[in-house]
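The structure appears below as structure tokens.
The values are calculated or read from the model by the stated rules, or taken from the named source; none is laboratory data. Only a predicted model underlies this, so the values are computations on that prediction, with no experimental measurement involved. We place every Cβ from the backbone using ideal geometry, glycine too, and count neighbours over all the protein chains shown. What goes into the accessible areas is simple: the full protein's heavy atoms, side chains included, and nothing from ligands, DNA or RNA. Shrake-Rupley method; radii C 1.70, N 1.55, O 1.52, S 1.80 Å.
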Amino acid sequence: MARCVLLLLAVCLTACSVTPPSAPIANAAQVAHAPGVGGASLASRPGRPEPVTLWQDQSIFKLVGRLIATARTDVMVEMYELGRRDIIYALGAAHARGVAVRVITDPTVRASRRSAAVLDNLGVPERVYPVDDVRHQIDHVKLLIADGEAVVGGMNWGAHSDRNHDYVLETRLGVEVARLIRIFDQDWGLAGGEPAPLAAAPSEIAQTAPGEEIRAMLEGALGGARFRVLAEVYTLTDAEVMAGLAAAHRRGVTVRVLLDPNQAYNRHAYALLSASGVEVRWYPIPRGALLHAKIGLFDGELVLGSANWTQSGLGVNHELDVETQDPHAVAAFGSRFASDWDRSRTG
């Protein structure tokens, strides 16, 4: 029976053009210098990977594929939109070789529901996050943990997500990975009918629902900025955040905000911030793509993750953000933002 299951899995992998675990994977230097990878390079210190690395756009999926394909003990995934067949079958392959794989998905996304069914067929343990329909809540988290490394950010794993402009932070810092594992276990327990919400704790990792840690992190960074605030945001509607951006401008901080022009909700933010003197531009997205990032640089503090700067993102949905002051990650985003700003338009 076991032999038949393994045979079936191999057929699925081939049919879906998924790289099997034994196939060659790009080495660290190749991945680090792929297009879209910023500052903190895996190859920048031979033999000593950076504690955190900022990844951008399509290169994020090279990172995800490598971490799943090379995992030997544990893989934990919590993903709002899970629709990439290569990743789904890579998770199945990891499970087949004895890795402890667990996956949490959001039930409101059709692609995620379909993927959960495929994972069930592959024998991968999966659970559905119990969203609060009354509050129109979603589980908007994007998290991967594999053998002591973790990836947090804004990039979904949808069939076409690699078209979008987005960021994730890879961290190898033990205290951060431990906190992320506890958050995943919190959500796994909740999805299994055993709620045990974590108490708020000072950390570079912040969640929303339970609590409003992300709002506290974001507003603290914004209120403490003295020189610059550079932000790329998919959806910006939260009144307190917009007031904070305007207040930063009034106290002499350089404030620049890039927004997705196809989000109707952003028009009010654009008009309000422009009237307040804040520099705002529309990001030049290609057809079929999104500016999907939720990231801000506040002097030397970088905050990014799944939470849009909205009331839902900061107070209703289950969200996950991370903060870093790593100079390589800060420089990488600063460089990319400058390029994005120069290519963007006003009006």
Of everything in segment 123-140 that's within 20 Å of Asp74 (Cβ to Cβ) and not in a loop (DSSP other than H, G, I, E, B), which residue is least open to solvent (accessible area, probe 1.4 Å)?
Glu126
Looking at Arg267, Arg256, which is the one that is within 21 Å of His292 (Cα to Cα), at pLDDT 95 or above, assigned to a strand (DSSP E or B) and charged (D, E, K, R)?
Arg256
Note down all Cβ pairs under 7 Å where the first residue falls in segment 171-200 and is in contact (Cβ under 8 Å) with a residue 24 or more places away in the chain and within 17 Å of Ala146 (Cβ to Cβ), the second is of a type in the set (Val, Ile, Thr) and not in a strand (DSSP E or B), and they're at least six residues apart or on different chains.
Thr171/Val177
Could you count how many residues in segment 142-170 are outside any strand (DSSP E or B) and either free of Cβ contacts under 8 Å to residues at least 60 places away in the same chain or among the aromatic types (Phe, Trp, Tyr) (or both)?
1
If I filter segment 226-236 for residues that are assigned to a loop (DSSP other than H, G, I, E, B) and in contact with a Leu (Cβ under 7 Å, 6 or more places away or on another chain), do I get at least one hit?
yes
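To keep it simple, each residue is scored yes or no on (1) buried (at least 19 other Cβ atoms within 10 Å of the Cβ); (2) under 24 Å from the mean Cα position of the chain (by Cα).
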| position | (1), (2) |
| --- | --- |
| Gln186 | no, yes |
| Ala200 | no, yes |
| Glu213 | yes, yes |
| Glu219 | no, yes |
| Glu232 | yes, yes |
| Thr235 | yes, yes |
| Leu245 | yes, yes |
| Ala264 | no, yes |
| Arg267 | no, no |
Reported set for segment 332-347 where residues are charged (D, E, K, R) and open to solvent by less than 20 Å² (accessible area, probe 1.4 Å) is Asp340
Go through (1) out of contact with any helix residue (DSSP H, G or I) (no Cβ under 7 Å at 6 or more places or on another chain); (2) in contact (Cβ under 8 Å) with a residue 24 or more places away in the chain; (3) within 23 Å of Arg113 (Cβ to Cβ) one by one and return the number of the condition Phe227 breaks.
(3)
Output yes when any residue across segment 141-162 is within 23 Å of Trp309 (Cα to Cα), open to solvent by less than 50 Å² (accessible area, probe 1.4 Å) and among the aromatic types (Phe, Trp, Tyr), and no when none is.
yes
Name the single residue that is most open to solvent (accessible area, probe 1.4 Å) among those in segment 247-262 being over 26 Å from Met155 (Cβ atoms) and among the hydrophobic types (A, V, I, L, M, F, W, C).
Ala247
Write out, first by first residue and then by second, each pair whose Cβ atoms fall under 7 Å of each other, whose residues are 6+ apart or on separate chains, and whose first residue, in segment 119-136, is of a type in the set (Lys, Arg) while the second is assigned to a loop (DSSP other than H, G, I, E, B).
Arg127/Gly192; Arg135/Val316
If we ask which residues in segment 85-102 are surrounded by 23 or more Cβ atoms within 10 Å (Cβ to Cβ) and in a strand (DSSP E or B), their number turns out to be 1
So which strands (runs of 3 or more DSSP E) are wholly in segment 279-335 and hold at least 2 residues that are closer than 30 Å to Ile104 by Cα and of a type in the set (Asp, Glu)?
319-324
Out of the residues in segment 103-122 that are part of a loop (DSSP other than H, G, I, E, B) and out of contact with any Leu (no Cβ under 9 Å at 6 or more places or on another chain), state the one that is surrounded by the fewest Cβ atoms within 10 Å (Cβ to Cβ).
Pro107
